[in-house]
Amino acid sequence: MRRLIPIMIFLALAPLAHAHDLFLSPAAEGFELRRGHSAAAEHGDAAAPCSDCPPGPTAFMLDDGATQMRMPDDEWPVVAAPDHVAAAAVTVNWGVWARTSAGDLRREDLGDETVLRLWRSRALAKTITLWHDRLVMPMSDELEIAPTRNPLDVPVGHKLKVRVVLHRRPVADAVVCYDGEVRGVTGRDGTINIRLRHDGLQILTASLHSPDPDGVLDEIVHETTLSFVKE
């Protein structure tokens with residue numbers, strides 16, 4: 001099994017046309033979806049508003065555990081948040097992509113190029129600003145990182161156990177990164193321990209390739225991000 005792990009990591013990190021981390025950043029009226037390299041995201045100049053991200057719905061959890069769902073509006077990629085929000089999770093459906101001899105193209109942009117591989121790409125960006133015990137459970141049916149305890153209380157240098165889920169069920173072999181570096185793959189119960197290395201913005205990412213349930217595409221590529229700030 002150990003020999004297979006590097007192979008799985010290589011496949012999961014195969015270059016994508018939009019291979020930058022998505023994460024939610026606080027904005028005046030709520031949150032802004034940004035895209036950039038997570039390893040340097042806390043410096044600000046490494047990430048930019050994801051204006052070209054396809055608009056998607058946002059799930060909110062409030063500080064009393066109640067949930068709300070909002071659809072994007074003209075302010076996208078800024079998402080207006082309700083009062084007393086504890087967490088937010090926005091879904092992005094990148095659509096169907098094709099790998100060709102000319103590079104990776106959206107399916108609708110294909111010309112006469114030979115298609116080597118077809119996949120659908122989906123992403124979720126989640127952020128936690130306040131803790132509620134219900135946040136140990138997923139907020140969506142997408143690939144998602146759920147902490148097993150309050151990540152805001154984990155001291156720097158200590159480990160945070162997280163669980164990666166898809167369709168609200170734990171998944172094994174999801175590749176998990178912290179600060180842009182691969183830290184390992186999830187076990188059979190979907191969990192992995194990540195050591196927090198610094199204060200400030202924390203960004204964890206996970207990726208997983210799964211079969212297309214309809215059997216039309218070669219695979220579904222799932223990507224997900226969990227962000228929070230340690231004061």
Check H132 against each of (1) over 18 Å from the mean Cα position of the chain (by Cα); (2) crowded, with 19+ Cβ neighbours inside 10 Å and name the one condition it does not meet.
(2)
Do we have A102 as more than 23 Å from D73 (Cα to Cα), out of contact with any His (no Cβ under 6 Å at 6 or more places or on another chain), aliphatic (A, V, I, L, M) and surrounded by fewer than 17 Cβ atoms within 10 Å (Cβ to Cβ) here?
yes
State yes or no: is A174 surrounded by 14 or more Cβ atoms within 10 Å (Cβ to Cβ), more than 19 Å from L24 (Cα to Cα), of a type in the set (G, A, S) and touching a residue at least 12 places away in the same chain (Cβ under 8 Å)?
yes
Mind checking whether some residue in the stretch 72-79 is surrounded by fewer than 12 Cβ atoms within 10 Å (Cβ to Cβ), at pLDDT 50 or above and either under 20 Å from R134 (Cα atoms) or out of contact with any helix residue (DSSP H, G or I) (no Cβ under 6 Å at 6 or more places or on another chain) (or both)?
yes
Name the pairs whose Cβ atoms lie under 6 Å apart, with the first residue in the stretch 64-82 and without any contact (Cβ under 8 Å) to a residue 40 or more places away in the chain, the second in a loop (DSSP other than H, G, I, E, B) and basic (K, R), and 6 or more positions between them or separate chains?
none
Single residue of the stretch 103-129 satisfying the filter (of a type in the set (V, I, T) and at pLDDT below 95) that is farthest from the chain's Cα centre (by Cα)
T114
Any chance G180 is more than 15 Å from A123 (Cα to Cα), in contact (Cβ under 8 Å) with a residue 60 or more places away in the chain and in contact with a strand residue (DSSP E or B) (Cβ under 9 Å, 6 or more places away or on another chain)
yes
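The values are calculated or read from the model by the stated rules, or taken from the named source; none is laboratory data. All values derive from a computational prediction rather than experimental measurement. Glycine also receives a Cβ, built like all others from the backbone with ideal geometry; neighbour counts cover every protein chain displayed.
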